[in-house]
């Protein structure tokens, strides 16, 4: 077991940048933390496109608090539980990880530790990111030294919006319409995190062509949820070309097994609107027609597979 310094300094991102203006620090772009009960999802935009793959591997090896982790481009995502677990560092093998995850009022505190360069990333690189309120720096890291820091960011919540049926046989594309709405919302200040295409039953006689629905993922402050959902409805009413457009809303960090099972079912055969409505009511998931009910089937299916990209795109002939 390695011991940390008792000395702690607290910095805002701007203060950290001024103090450590060196060529061996590469600031993270952005950090977002979303909480749901005793679960926290951390979304970090690493300064390097693929450099974060090493870090994700190390974190999964070292941290008992991490339940799942993956990389998508320079975006690294960690699903964690709240708690504290000491890290047993070993160079090259267990070189970096998360020691503590805590929800403190309106904030989330993540304590990172790492050896050498991973220690630099633990506090100084992360501490300069957009989305960070402050960083408590215990050890700087670098060279052969240990680094440790607590990164504190606002507690946000996760909203996944399923969208289907915005196009017609003659024009339009649901995936682009949904993405453009996400970009517009981003410009308005919302955190647009992801866009996932979910393949549905390819032999559906009502399909436009490729038969897919879309899941858009957002991080929101608790008092912004209704504003986001209302704004999505407004933009869809403005932009849709179809009289069948619907949306579904999933809040939180978990997907009910019944919802996932339903999503798989929509990939392998026909499903009626009434079944989608019944399941949404049972699971207390808002399922709303924007211009019509037919899109409810695919909108609900999209939110059931948004976190399983391989299954989402799979085609069942």
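Nothing in this text is a laboratory measurement; each read-out follows from the coordinates by a stated rule. All of these numbers come straight from a predicted model, not from anything done at the bench. Note that we place each Cβ from the backbone using ideal geometry, even for glycine, and neighbour counts take in every protein chain shown.
Remark: the Cα gyration tensor places region 108-175 in the prolate category, a/c being 1.5 or greater and a/b exceeding b/c.
Taking all Cα pairs closer than 8 Å and separated by 6 or more residues, the relative contact order of the chain comes to 16 percent. Between the helical axis of 225-239 and the longest alpha-carbon principal axis of the chain there is an angle of about 50 degrees. Put in line by how crowded their Cβ is, counting other Cβ atoms within 10 Å and starting with the fewest, 296, 227 read 227, 296.
How long are the three semi-axes of the equivalent ellipsoid for region 9-155, computed from the Cα gyration tensor as the root of 5 times each eigenvalue, in whole Å, largest first?
Whole-Å semi-axes of the equivalent ellipsoid: 19, 18, 15.
D by Stokes-Einstein for region 165-313, Kirkwood Rh over Cα pairs, 4 °C, 1.567 mPa s: 85 µm²/s.
Classify region 43-122: rounded, prolate or oblate, from the alpha-carbon gyration tensor (a ≥ b ≥ c, eigenvalue square roots; a/c under 1.5 rounded; otherwise prolate if a/b is larger than b/c)?
Numbers: a/c = 1.66, a/b = 1.18, b/c = 1.41.
Since a/c reaches 1.5 but b/c is at least a/b, the shape of region 43-122 is classed as oblate.
Sorting 112, 53, 46 from the fewest to the most surrounding beta carbons within 10 angstrom yields 53, 46, 112.
Relative to the longest principal axis of the Cα atoms of the chain, helix 52-62 runs at roughly 70 degrees. Taking the C-alpha atoms only, the angle from helix 174-187 to the longest principal axis of the chain is near 40 degrees. By the count of other C-beta atoms within 10 Å, a proxy for reagent exposure, 238, 260 are ordered fewest to most as 238, 260.
Counting alpha carbon pairs within less than 8 Å and at least 6 residues apart, what relative contact order, in whole percent, applies to region 9-155?
Values: 397 pairs, mean separation 38.5, N = 147.
The normalised contact order for region 9-155 reaches 26 percent.
Return the equivalent ellipsoid semi-axes of the chain as a descending list in whole Å, where each equals the square root of 5 times an eigenvalue of the C-alpha gyration tensor. Display every interim value, and only then the final one.
Details: eigenvalues 330, 72, 56 Å².
Working through the eigenvalues yields semi-axes of 41, 19, 17 Å.
Hey, any idea what the orientation-averaged projected area of the convex hull of region 256-309's Cα atoms comes to, in nm²? Display every interim value, and only then the final one.
Working: hull surface 14.5 nm².
The directionally averaged projection comes out at 3.6 nm².
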